[in-house]
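The values are calculated or read from the model by the stated rules, or taken from the named source; none is laboratory data. Computed from a predicted model, the values in this text were never measured in an experiment. Here Cβ is always computed from backbone atoms with ideal geometry, including for glycine, and neighbour counts include all displayed protein chains.
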């Protein structure tokens, strides 16, 4: 959430952000500011009445008997006015707060303006593309032949985009995820299992609601299934005040992730690249305020993911996302796309974002500085490993002509020493 003072003082910048993030029609800045003006006017009136009431209450307590009746009558008039105005003030505040939730974060100055993925900028490519003396197979052809993946029975049991992993498919999938956790443990991240069912206010707090509500699964008891551990991890200190010395906080969460994939009809219908349920290891960092500090950590989280991919010897490219292809809550976002030989293209496997205090304001998550000031925390997150998407990349890049799959060196110890899947 943006500070209302910032919105008042930067109306054009906010309107520009709404336009460039393709969110026109979701919120009207002029309407929000008009509502804010009405709220401030009414708040001042109510506060003046409350102050008068308090003075009268004190005066009544010390007044002579002859004066007290007149003062009580005057206080009764004020009480009646407050009885009428306070509910209106509350309703105005609720309406204003609801509309403020639809105002997106302001993109950083170096984020390219664009309408969609075609305007994303490739910053660099890393790693040597594998060279095959045969036509490489896709992960589904490999997985079915090696009894690693079964989407037919997955669809029978779980519906469209359902899948089973089996045998070495399960082993390799779990190996990638456990290696990712061990990797971040070595980076001094606190490793956490997180709630998968989360209250709506924490989806709102992290910026997934109200914009992406339709892409999440809701269940009974008013809860929803997370699409990333970011929701739970970032909300960990919601409504709390940390000490500046406690920061940075580095959290790593592993969780199943559930997404309805709204708007992806017809995309990636084959295989396990785009599915409704997957498992992810996520990095979340909480920082003191400061854009430069957030930008430094944004690059650091990116380097963690790059180091992880390099250790798996997977080629990848880094993209800087344009305004129209980044989330409403993000200040700046990188995507990492890993090479898929069968498709002869890079596909998105990681996202790296920073938010400044946008999420923390919504979560009421603060810290006390060494000088005693209370400020909002700044937040960041980045994927380290999402599987079976990364499983598919390993399978395709490590395949042999006979249909077998070599196990990456760093994963062999997690596979009981297995070097090749036949």
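General observations
- Filtering 43, 69 for residues that are in a helix (DSSP H, G or I) and at pLDDT below 95 leaves a single hit, 69.
Here's the yes/no breakdown for (1) part of a helix (DSSP H, G or I); (2) touching a helix residue (DSSP H, G or I) at 6+ places or on another chain (Cβ under 8 Å); (3) not assigned by TED's automatic domain parsing to the domain that holds residue 164:
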{"position": "362", "(1), (2), (3)": "yes, yes, no"}
{"position": "370", "(1), (2), (3)": "no, yes, no"}
{"position": "380", "(1), (2), (3)": "no, yes, no"}
{"position": "383", "(1), (2), (3)": "no, yes, no"}
{"position": "386", "(1), (2), (3)": "no, no, no"}
{"position": "391", "(1), (2), (3)": "yes, yes, no"}
{"position": "402", "(1), (2), (3)": "no, no, no"}
{"position": "412", "(1), (2), (3)": "yes, no, no"}
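- Residue match in region 139-151 (condition: closer than 30 Å to residue 364 by Cα and loosely packed, with under 14 Cβ neighbours inside 10 Å): no
- Residue within region 363-382 that is surrounded by fewer than 24 Cβ atoms within 10 Å (Cβ to Cβ), modelled with pLDDT of 95 or more, more than 31 Å from the chain's Cα centre (by Cα) and over 13 Å from residue 175 (Cα atoms) present: no
- Per the listing 12, 110, 30, the residue uniquely outside the structural domain of residue 209 (by TED's automatic domain parsing), in contact with a strand residue (DSSP E or B) (Cβ under 9 Å, 6 or more places away or on another chain), loosely packed, with under 13 Cβ neighbours inside 10 Å and modelled with pLDDT of 95 or more is 110.
- Between 351, 329, the distinction of being touching a strand residue (DSSP E or B) at 6+ places or on another chain (Cβ under 8 Å), crowded, with 19+ Cβ neighbours inside 10 Å, under 26 Å from residue 112 (Cβ atoms) and without any contact (Cβ under 8 Å) to a residue 40 or more places away in the chain belongs to 351 only.
- Residue 213 being assigned by TED's automatic domain parsing to the domain that holds residue 411, without any contact (Cβ under 8 Å) to a residue 12 or more places away in the chain, within 26 Å of residue 100 (Cβ to Cβ) and within 15 Å of the chain's Cα centre (by Cα): yes
This table checks each residue for (1) in contact with a helix residue (DSSP H, G or I) (Cβ under 7 Å, 6 or more places away or on another chain); (2) surrounded by fewer than 19 Cβ atoms within 10 Å (Cβ to Cβ).
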residue	(1), (2)
153	no, yes
157	no, yes
160	no, yes
163	yes, no
166	no, yes
174	no, yes
178	yes, yes
185	no, yes
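- Filtering region 210-227 for residues that are at positive phi, in a loop (DSSP other than H, G, I, E, B) and at pLDDT 95 or above leaves an empty set.
- Residue under evaluation residue 89, criteria (1) in a helix (DSSP H, G or I); (2) in contact with a helix residue (DSSP H, G or I) (Cβ under 9 Å, 6 or more places away or on another chain); (3) exposed (fewer than 14 other Cβ atoms within 10 Å of the Cβ), criterion not met: (3)
- Test: residue in region 336-344 that is in contact (Cβ under 8 Å) with a residue 40 or more places away in the chain, out of contact with any helix residue (DSSP H, G or I) (no Cβ under 8 Å at 6 or more places or on another chain) and not in a loop (DSSP other than H, G, I, E, B): no
- Test: residue 261 is more than 18 Å from residue 203 (Cβ to Cβ) and either within 17 Å of the chain's Cα centre (by Cα) or assigned to a loop (DSSP other than H, G, I, E, B) (or both): no
- In the set (1) assigned to a loop (DSSP other than H, G, I, E, B); (2) more than 20 Å from residue 102 (Cβ to Cβ), residue 233 fails one condition alone, (1).
- Answer from 56, 129, 123, 69 - the residue that is more than 30 Å from residue 8 (Cα to Cα) and in contact with a helix residue (DSSP H, G or I) (Cβ under 7 Å, 6 or more places away or on another chain): 56
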